[in-house]
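Before any comments, here is the structure.
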Amino acid sequence: YWQIGLLSFAFMVTASALQPVVGAVTDRRSLPMILPAGMAFTLVGVVLLGEAPGYALLVAGAVAVGIGSAVFHPEGSRVSRAASGGRYGTAQSLFQMGGNLGHMAGPLLAAFVVAPWGRGSVAWFALGAAAGIAVLWRVAR
């Protein structure tokens, strides 16, 4: 149980504690290219979680996913607002709904993809993350 708790802690502390720091930095200066960088951290973390041969790399994967989340969300929220056409509440709600859908889909994907085909199948999700990085690269430019 402590190992599961540490994995959760490693993700949550990096995602939660680092996010306000990134937000403060991006409040002073817009950094749109941080969006694909955040997604890249998440990609690396997910691949590590799927392929890690030992517990230390599992923790590193959880930290990388947490960093990706912390880096992505402040600037992602700014881009959402900029693209809102003045409908800030709707834009923020849709931005948050996307994140909630991702949290909902994770366990389902684990059940329907990872359970039958093993941890190595997590690497297939890297293709989706790579597509996301490409889209974010264009949005950020």
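The values are calculated or read from the model by the stated rules, or taken from the named source; none is laboratory data. Because the structure is predicted, anything quoted here is derived from the model rather than measured. With ideal geometry, Cβ positions are generated from the backbone for all residues, glycine too; neighbour counts draw on all protein chains shown. Just so you know, the surface numbers come from the protein's heavy atoms only, side chains and all, with ligands and any DNA or RNA stripped out. Shrake-Rupley method; radii C 1.70, N 1.55, O 1.52, S 1.80 Å.
With the condition kept exactly as written, say whether any residue in the stretch 28-43 is surrounded by 13 or more Cβ atoms within 10 Å (Cβ to Cβ), within 25 Å of Q3 (Cα to Cα) and not hydroxyl-bearing (S, T, Y).
Within the stretch 28-43, one or more residues are surrounded by 13 or more Cβ atoms within 10 Å (Cβ to Cβ), within 25 Å of Q3 (Cα to Cα) and not hydroxyl-bearing (S, T, Y).
What tally of residues in the stretch 72-111 results from selecting those that are open to solvent by 40 Å² or more (accessible area, probe 1.4 Å) and touching a residue at least 40 places away in the same chain (Cβ under 8 Å)?
3
Does V114 meet the test of being open to solvent by 30 Å² or more (accessible area, probe 1.4 Å), assigned to a helix (DSSP H, G or I), in contact (Cβ under 8 Å) with a residue 40 or more places away in the chain and closer than 19 Å to V135 by Cβ?
The answer is no for V114.
May I ask you to list pairs of residues, at least six apart or on different chains, whose Cβ atoms are under 9 Å apart, with the first in the stretch 28-39 being farther than 14 Å from A82 by Cβ and the second being open to solvent by less than 60 Å² (accessible area, probe 1.4 Å) and part of a loop (DSSP other than H, G, I, E, B)?
A37/L31
Determine, yes or no, whether A131 is under 24 Å from S8 (Cβ atoms), of a type outside the set (V, I, T) and either assigned to a helix (DSSP H, G or I) or open to solvent by 50 Å² or more (accessible area, probe 1.4 Å) (or both).
In short, no.
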